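Shown next, in structure tokens, is the structure this report addresses.
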Amino acid sequence: MKLTYFLPFVAFIISCTQQRASQNQAASITAITDSLAEKQDSTGTAKPLISKRYSADPSAHVFEGKIFIYPSHDYDAGVPENDNGDHFAMKDYYVYSLDSIGGQVTDHGIALQLSDVPWAAKQLWAPDAAFKNGKYYLYFPAKDKDGIFRIGVAESDRPQGPFKAYPQPIKYSFSIDPAVFTDTDGQSYMYFGGIWGGQLQKWASGSFDPKGPAFDLGKGDEPALAPKIAKMEPGMTAFAEEPKDVLILDGQGKPLKSGDHERRFFEAAWVHKYKGKYYFSYSTGDTHLLCYAIGDNPYGPFTYQGVILKPVLGWTTHHSIVEFKGKWYLFYHDTELSDGKTHLRNVKVTELNYTADGKIIPIDPYHGTAQPN
Ligand code: FUB
């Protein structure tokens with residue numbers, strides 16, 4: 001072909017490609033779901049907020065007057081299911097926002113991907129986000145090149161990202177499920193940890209033991225493994241101290257035992273403050289409950305109070321609790337859209353209510369609100 005004929009053809013192909021790229025970009029930044037009114041059935045049971053792709057482990061925050069949701073992005077990597085959670089092989093994060101509960105969900109597209117995190121090898125699990133000093137921070141667990149879970153941080157000028165990852169994980173971080181709580185005095189803390197696939201039991205001696213227990217420790221009558229807390233430096237990208245244990249006590253002031261699977265910590269830490277008290281909530285893993293405990297300061301100890309959410313469809317349960325326009329909401333997930341596939345989950349939201357004395361009224365995910373326990 002002569003060059004004079006060929007050049008217009010090349011120009012046409014380039015312009016089509018550019019047009020397609022900008023159409024794709026526009027599509028990924030548009031509202032993607034129906035209103036929340038269509039996301040509840042007649043009994044008030046929540047329906048999936050996002051149906052375009054799978055989403056789980058929702059960390060919700062109010063930024064710029066909207067609710068931003070930072071979930072895991074589930075997909076089917078074809079990895080067989082096991083107790084180590086290898087089937088959760090996620091490789092990127094998408095961010096979503098809601099102007100109002102009941103309004104449309106906006107999909108802001110990819111916020112961070114595995115290939116942009118120099119230290120991470122696989123498994124981008126449950127993230128969280130925070131805002132300080134005019135910057136937004138995304139915190140995320142991933143396995144490093146040695147197969148050890150660490151927690152990384154990425155930064156952006158905007159709540160929706162895209163986020164730029166720091167080249168190393170946070171020093172002294174390990175295990176999974178970071179949750180950053182900023183107290184009313186402006187000090188931020190990171191809570192983290194998860195047993196079994198989250199590897200917390202392999203850190204029982206203070207350093208990582210690859211031959212450490214695969215499951216809960218011992219016979220079950222010793223104190224349960226504790227989630228961790230570390231104060232954040234003002235710059236939000238490093239711990240200001242080595243992580244400490246978060247103690248969860250029973251009504252008699254004794255630490256919960258590792259055999260107490262209905263109440264002991266498994267993963268999915270979250271902290272919120274209500275009427276001056278600190279509410280530490282978490283998943284019990286193999287008994288599939290979201291529970292909470294109350295303390296007088298961010299470090300605890302926290303005294304066990306009861307169940308927030310009864311078991312959902314699927315193995316995991318993971319949540320966040322956020323106040324928005326005078327009401328409290330529980331963001332959580334189940335596996336409704338995938339018909340029960342453990343690693344293919346969808347995010348939901350429901351209102352959370354308290355009794356006059358500050359107890360959370362437990363929620364039955366499929367039959368409206370249950371009675372206080
Ligand atoms: O999404 C992967 C893992 O499943 C999370 O990190 C855990 O909390 C559980 O939800």
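For GLY194, state whether it is within 16 Å of the ligand (Cβ to nearest atom), in contact with an Asp or Glu (Cβ under 8 Å, 6 or more places away or on another chain) and not in a helix (DSSP H, G or I).
It is true that GLY194 is within 16 Å of the ligand (Cβ to nearest atom), in contact with an Asp or Glu (Cβ under 8 Å, 6 or more places away or on another chain) and not in a helix (DSSP H, G or I).
Look at segment 297-320 and say how many of its residues are away from the ligand (no atom under 15 Å from the Cβ) and in contact with a His (Cβ under 7 Å, 6 or more places away or on another chain).
Matching residues across segment 297-320 total 0.
Can you tell me which residue within segment 321-348, out of those that are within 12 Å of the ligand (Cβ to nearest atom) and out of contact with any Asp or Glu (no Cβ under 7 Å at 6 or more places or on another chain), is nearest to VAL180 (Cα to Cα)?
My answer is TYR332.
Quick check on my filter: what residues within segment 268-307 are open to solvent by 20 Å² or more (accessible area, probe 1.4 Å) and touching a Pro at 6+ places or on another chain (Cβ under 6 Å)?
Hits for segment 268-307 are HIS288, VAL307.
If I filter segment 235-255 for residues that are more than 27 Å from ASP99 (Cβ to Cβ), surrounded by fewer than 21 Cβ atoms within 10 Å (Cβ to Cβ) and within 16 Å of the ligand (Cβ to nearest atom), do I get at least one hit?
No, because not a single residue in segment 235-255 is more than 27 Å from ASP99 (Cβ to Cβ), surrounded by fewer than 21 Cβ atoms within 10 Å (Cβ to Cβ) and within 16 Å of the ligand (Cβ to nearest atom).
Out of LYS310, LYS325, which single residue is at positive phi and open to solvent by 10 Å² or more (accessible area, probe 1.4 Å)?
That would be LYS325, the only listed residue that is at positive phi and open to solvent by 10 Å² or more (accessible area, probe 1.4 Å).
Among what's in segment 56-95 and is of a type in the set (Phe, Trp, Tyr) and within 16 Å of the ligand (Cβ to nearest atom), pick the residue that is nearest to GLY285 (Cα to Cα).
Step one: filter segment 56-95 for residues of a type in the set (Phe, Trp, Tyr), giving 63, 68, 70, 75, 88, 93-94.
Still in the running and within 16 Å of the ligand (Cβ to nearest atom): 70, 75, 88, 93-94.
Details: TYR70: 21, TYR75: 21, PHE88: 15, TYR93: 23, TYR94: 25 Å.
Ranking the qualifying residues of segment 56-95, first place goes to PHE88.
Find the residue count for segment 174-185, including only residues that are part of a loop (DSSP other than H, G, I, E, B), touching an Asp or Glu at 6+ places or on another chain (Cβ under 9 Å) and touching a residue at least 60 places away in the same chain (Cβ under 8 Å).
2
If we scan segment 267-290, do we find a residue that is among the acidic types (Asp, Glu) and within 16 Å of the ligand (Cβ to nearest atom)?
So far as segment 267-290 goes, yes, one or more of its residues are among the acidic types (Asp, Glu) and within 16 Å of the ligand (Cβ to nearest atom).
Report, by residue number, each residue of segment 345-357 that is touching a residue at least 12 places away in the same chain (Cβ under 8 Å), open to solvent by 10 Å² or more (accessible area, probe 1.4 Å) and farther than 16 Å from PRO311 by Cβ.
Result: GLU351, ASN353, TYR354, THR355.
The values are calculated or read from the model by the stated rules, or taken from the named source; none is laboratory data. Nothing here was measured: the structure is a model prediction, and the numbers come from that model. When we count neighbours, we look across all protein chains shown, and the Cβ atoms used for this are built from the backbone with ideal geometry, even at glycine. Each accessible area value is taken on the protein alone, full model and side chains, heavy atoms only, with ligands, DNA and RNA left out. Shrake-Rupley method; radii C 1.70, N 1.55, O 1.52, S 1.80 Å.
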